[in-house]
Every structure is written in C-alpha cells, then in structure tokens.
Amino acid sequence: MNSATVRNLLVRGMLAGLGAGLLALVVAYFLGEPGVDSAIGFEEAHAPAHEHEVELVSRSLQSTAGLATGVLVYGIAFGGIAALAFCFALGRVGRFSPRATALLLSGAALLAVYVVPFLKYPANPPSVGDPDTIGKRTSLYFLMMVLSVLLAIAATILGKRLAPRLGTWYATVVALAAFALVIGLAYAFLPVINEVPTDFPATLLWRFRLSALAIQATLWGGLGLIFGELAERRLNPKPTAAPTGAVPAAN
C-alpha cells in the first residue's frame, strides 16, 4: 500500500470518526446527560451548604458545546488511529474485504480499548469517587486499557502462528482462551476500587454505566461501518458502466 493510499485512507478514517462522533453525540446527549444531571442533583442535595462551589463553566455549556467538542475530537482522533491500524491489518488478519476488515477491527477495538477495562473499572457518574484517589483510579484504568490492547495484539499473533498447525478455528479458540486467562489474572490481582456511596441510587448507577457503554458501542460501530464503506470504495472501486448504445472499439 503506497503512501498516497495510506494518506487517503487516513483522511477517510478521520471523516468516518467525525460521522461516528456525531452519532455518539446524539446517544450521549439523550441517554448520558440525564444521568449526569441526576447524579449532580444527588451530590448537591447531600453536600453541606457551605461546600457549594461556583461553577467556572455553566452546566448548560458543559452538556452542549463541551460535550460536542469532547466527543467529536475523540471520534476524529480514534478515526485516524483506526485508519492506520486498518492499513497495517488489511490482508494480514485474514482474507477479508476492506469493509469486513474495518468492522472486525472496530469490534476488536471496542472490546480491547473499552469493554475489558470497563468490566474491571466501570464508569462512574459525578458524586461517585473520592477526589483524593482520582490519580490512582485514572492510572489503574489506563494500565488496564494498555494491558488489554497489548494482550489483544499478542493473542492475534499467537493465533496466526498456531493456525498452520491447528487450523484457523482451533488456533482462534486457543488465542481467545489465552487472552481471557491473562485478563482474568489481571482482574484478580489489580486493586479493587469501590467508592460508590451507600445511599447512591443503584438504578441511576446502572443506567449511567449502560449509557456509557452505549455511547462507546455507537462510536466504534459507526466508525467501523462508515470507514468500511469509504475504504471499500477507495480500494475496490466499482467499474464504470459503458454508456448504453456505445459501439465497442474495433480490434
């Protein structure tokens, strides 16, 4: 794949990330923001009167322009990264079409980048978590994310090397089992963080975490579908149909 094609796919990946970010923004606004508002209301209701702080940025701005900026920048950035990963993976992970490869990569990224760390350290709404441990919690989350991505890459390499001896099916099963085993050990040995207040509504916490998962699923699913279509059109363009009634050229 030459540099011009890579550059073209990178641009398409960023555009696909923008489109997927718009879809995720809709989900975040209608599913995520009501939960954030409820959590903030819980926090304010339980805070002493003298601890109420003046907002530097209004809540309305946070839930509109701030949310849009964060989600769209996130989508564009990961769209570019996904496009570069696609350029490397195409033809190396199997004889899949560009569209199928993009969708496969987006699904793997959703699992490795978000779902696996989420199951160990799930997202929490405002008012959940000790401010003094935010650095520790952030470090552990990113450690889990990096470990998950590295193990996913290692599992892919393992499956490719075992495929000639075991066959594609059994090699895939062994690679997935190895990935699950090491991730399970990481779950067992990494510290557990549970700072949810005892009187925090369980339903609100559940809905917030489901909405966070829905946002990521929309983002990565949209990215895979949109970029897959753009990459398919770039790499496998449909032949131009000859005009009706055209006379074939003579030999």
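The values are calculated or read from the model by the stated rules, or taken from the named source; none is laboratory data. Keep in mind that what you see is a predicted model, and the values were worked out from it rather than measured. Heads up, the Cβs are rebuilt from the backbone with ideal geometry, glycines too, and the neighbour counts pull from every protein chain shown. Accessible surface areas use protein heavy atoms only, side chains included; no ligands, DNA or RNA. Shrake-Rupley method; radii C 1.70, N 1.55, O 1.52, S 1.80 Å.
Listed by first and then second residue, the pairs with beta-carbon distance under 9 Å, at least 6 apart or on different chains, first residue in region 129-149 and within 19 Å of Leu119 (Cβ to Cβ), second open to solvent by 90 Å² or more (accessible area, probe 1.4 Å), are Ser148/Leu111. For Ile183, the test of being touching a residue at least 12 places away in the same chain (Cβ under 8 Å), within 15 Å of Leu111 (Cβ to Cβ) and either of a type in the set (Val, Ile, Thr) or part of a helix (DSSP H, G or I) (or both) is passed.
Here are Gly66, Gly79: which of them is closer than 20 Å to Ala28 by Cβ, at pLDDT below 90 and surrounded by 12 or more Cβ atoms within 10 Å (Cβ to Cβ)?
Answer to the check: Gly66.
Does any residue of region 137-149 turn out to be farther than 30 Å from Phe200 by Cβ and open to solvent by 30 Å² or more (accessible area, probe 1.4 Å)? Looking through region 137-149, at least one residue is farther than 30 Å from Phe200 by Cβ and open to solvent by 30 Å² or more (accessible area, probe 1.4 Å). Every condition in (1) surrounded by 15 or more Cβ atoms within 10 Å (Cβ to Cβ); (2) at pLDDT 85 or above is met by Phe30 except one, and the failing one is (1).
Determine, yes or no, whether Phe88 is assigned to a helix (DSSP H, G or I), closer than 13 Å to Gly13 by Cβ and either open to solvent by 50 Å² or more (accessible area, probe 1.4 Å) or of a type in the set (S, T, N, Q) (or both). Considered against the rule, which asks whether it is assigned to a helix (DSSP H, G or I), closer than 13 Å to Gly13 by Cβ and either open to solvent by 50 Å² or more (accessible area, probe 1.4 Å) or of a type in the set (S, T, N, Q) (or both), Phe88 comes out as yes.
If the condition is being in contact (Cβ under 8 Å) with a residue 40 or more places away in the chain, closer than 22 Å to Thr133 by Cβ and open to solvent by less than 30 Å² (accessible area, probe 1.4 Å), then region 97-119 contributes Tyr114, Val116, Phe118. The number of residues in region 170-202 being open to solvent by 80 Å² or more (accessible area, probe 1.4 Å) and at pLDDT 90 or above comes to 5. Annotation: Ser58 fulfils all but one of (1) within 13 Å of the chain's Cα centre (by Cα); (2) surrounded by fewer than 16 Cβ atoms within 10 Å (Cβ to Cβ); the unmet one is (1). Take Arg207 and tell me if it is part of a helix (DSSP H, G or I) and open to solvent by 70 Å² or more (accessible area, probe 1.4 Å). So Arg207 passes the test.
Look through Leu213, Leu158, Leu219, Leu223 and report the one residue that is at pLDDT 90 or above, under 22 Å from the mean Cα position of the chain (by Cα) and open to solvent by 30 Å² or more (accessible area, probe 1.4 Å). Let's see the steps before the verdict.
Working: Leu158 fails: under 22 Å from the mean Cα position of the chain (by Cα); Leu219 fails: open to solvent by 30 Å² or more (accessible area, probe 1.4 Å); Leu223 fails: open to solvent by 30 Å² or more (accessible area, probe 1.4 Å).
After ruling out the rest, the residue left standing is Leu213.
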